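*Asks:* I am attaching a structure below and will ask some questions about it afterwards.
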Amino acid sequence: MIYAIVSDIHANAAAFNAVLDDIESRKVDRKICLGDIVGYCADPNESIAAVKVFDTVLMGNHDYAIHDTVLVEKFNFHARLAIEWTCEKLTPADKEYLANLPLKAEDGELTFVHATPRDPGDWGYIINIDDALDAFNYFSNNICFLGHTHNPLVVTDKGHVLLDKKLHLKDDTRYLVNVGSVGQPRDGDPRACYVIYDSDKRILEFVRVNYNIGQTQSRMIKAKFQPFLIHRLAEGR
Ligand code: ZN
């Protein structure tokens, strides 16, 4: 089975469309989205429409924030303005769609969450090796895919951090895989990021896709988004 796993689209339709084209050029059996479909960029409606064909779509904290004013208050200034703008653009049906997304999914040896398997609805961050090792206590199968930090990497249950673009997974090792971000990468590479996983060959690959960043930026300028959010896309920060 070949999986395409995307996360953190953040209403960046140009990036998402480029990733979808790349996925279409491969033989993929299942498409999974780990959440944060909206927030940060200016194409929430297009992004929601495009993700609806996926086999599994999880809720991210920005999707959840559409309904939760308490969580929005905890967001940083830029994220909060983007969510408030997004709220005005979404149709009632799309708000309903985001509100009903699940927090977690499992498929054989795979677990999928947005933030962390410990308590997916608490939106905690895995930022160091202790957080990562702790996370292994909260899923029982072999591989947990997540997003949320926008930093693509793999951590093993032995505490190794792997940054390889392509990995052959071992049978005696468990893995935490951060699939990176489609719409707002933060690892210094501005290209859209997602993962292809071949469960028969146990090969995991991080795919980077060029997209028209200027197109996303001009849509954000037109919608009067904060310059910080517009500029960071070109830097991948
Ligand atoms: Zn995110």
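*Asks:* Restricting attention to region 209-222, does a residue exist that is under 21 Å from residue 148 (Cβ atoms) and surrounded by fewer than 23 Cβ atoms within 10 Å (Cβ to Cβ)?
*Replies:* Yes; the residues of region 209-222 include at least one that is under 21 Å from residue 148 (Cβ atoms) and surrounded by fewer than 23 Cβ atoms within 10 Å (Cβ to Cβ).
*Asks:* Oh, and also: Among the residues of region 91-111, is there at least one that is out of contact with any helix residue (DSSP H, G or I) (no Cβ under 7 Å at 6 or more places or on another chain), small (Gly, Ala, Ser), assigned to a loop (DSSP other than H, G, I, E, B) and more than 20 Å from residue 183 (Cα to Cα)?
*Replies:* yes
*Asks:* Here's a check for you: in region 56-79, which residue that is acidic (Asp, Glu) and surrounded by fewer than 23 Cβ atoms within 10 Å (Cβ to Cβ) is nearest to the ligand (Cβ to nearest atom)?
*Replies:* It comes out as 68.
*Asks:* I need the full set of residues from region 127-166 which are at pLDDT 95 or above and within 16 Å of the ligand (Cβ to nearest atom), in order please.
*Replies:* Matches in region 127-166: 145, 146, 147, 148, 149, 150, 151, 152, 153.
*Asks:* For residue 118, all conditions in the list (1) more than 15 Å from the ligand (Cβ to nearest atom); (2) part of a helix (DSSP H, G or I); (3) without any contact (Cβ under 8 Å) to a residue 24 or more places away in the chain; (4) not aromatic (Phe, Trp, Tyr) hold save one; what is the number of the exception?
*Replies:* (2)
*Asks:* Could you check region 30-55 and list, in sequence order, the residues that are touching a residue at least 12 places away in the same chain (Cβ under 8 Å) and away from the ligand (no atom under 16 Å from the Cβ)?
*Replies:* Scanning region 30-55 gives 30, 31, 45, 46, 50, 52, 53, 54, 55.
*Asks:* Determine which member of the set 82, 42 is surrounded by 15 or more Cβ atoms within 10 Å (Cβ to Cβ) and in a helix (DSSP H, G or I).
*Replies:* From the options 82, 42, the qualifying one is 82.
*Asks:* Exactly one of these conditions fails for residue 147: (1) touching a Gly at 6+ places or on another chain (Cβ under 9 Å); (2) without any contact (Cβ under 8 Å) to a residue 60 or more places away in the chain. Give me its number.
*Replies:* (2)
*Asks:* A further question on this structure: Name the residue, out of 38, 57, 72, that is more than 16 Å from the chain's Cα centre (by Cα) and of a type in the set (Val, Ile, Thr).
*Replies:* 72
*Asks:* Within region 154-190, work out how many residues are in a strand (DSSP E or B) and farther than 15 Å from residue 132 by Cα.
*Replies:* 3
*Asks:* Looking at region 15-29 only, could you name the residues that are of a type in the set (Gly, Ala, Ser), away from the ligand (no atom under 16 Å from the Cβ) and either crowded, with 18+ Cβ neighbours inside 10 Å or assigned to a helix (DSSP H, G or I) (or both)?
*Replies:* Matches in region 15-29: 18 only.
*Asks:* Something else: Filter region 178-196 for residues that are hydrophobic (A, V, I, L, M, F, W, C) and within 16 Å of the ligand (Cβ to nearest atom) and give the result. I'd like the intermediate steps shown before the answer.
*Replies:* The initial filter retains those residues of region 178-196 that are hydrophobic (A, V, I, L, M, F, W, C), namely 179, 182, 192-193, 195-196.
Across region 178-196, the qualifying residues are 179, 182, 192, 193, 195.
*Asks:* Kindly evaluate residue 197 against the criterion of being closer than 25 Å to residue 12 by Cα and at pLDDT 95 or above.
*Replies:* Here the answer is yes, as residue 197 does meet what is asked.
*Asks:* Turning to a different aspect of this structure: Considering only residues of region 45-59 that are out of contact with any Leu (no Cβ under 7 Å at 6 or more places or on another chain) and in a loop (DSSP other than H, G, I, E, B), which is farthest from residue 89 (Cα to Cα)?
*Replies:* Only one residue tops the list, namely 55.
*Asks:* Consider only pairs whose beta carbons are under 6 Å apart and that are at least six residues apart or on different chains; among these, list those whose first residue lies in region 14-26 and is of a type in the set (Val, Ile, Thr) and whose second residue is surrounded by fewer than 19 Cβ atoms within 10 Å (Cβ to Cβ).
*Replies:* So the pair list comes out as 19/209.
*Asks:* Right, another one. For region 1-14, which residues satisfy the criterion of being in contact with a helix residue (DSSP H, G or I) (Cβ under 7 Å, 6 or more places away or on another chain) and away from the ligand (no atom under 13 Å from the Cβ)?
*Replies:* Correct list: 4, 13, 14.
The values are calculated or read from the model by the stated rules, or taken from the named source; none is laboratory data. Predicted, not measured: the structure shown is a model, and the values here were computed from it. Positions of Cβ are backbone-derived with ideal geometry, glycine not excepted, and every protein chain shown enters the neighbour counts.
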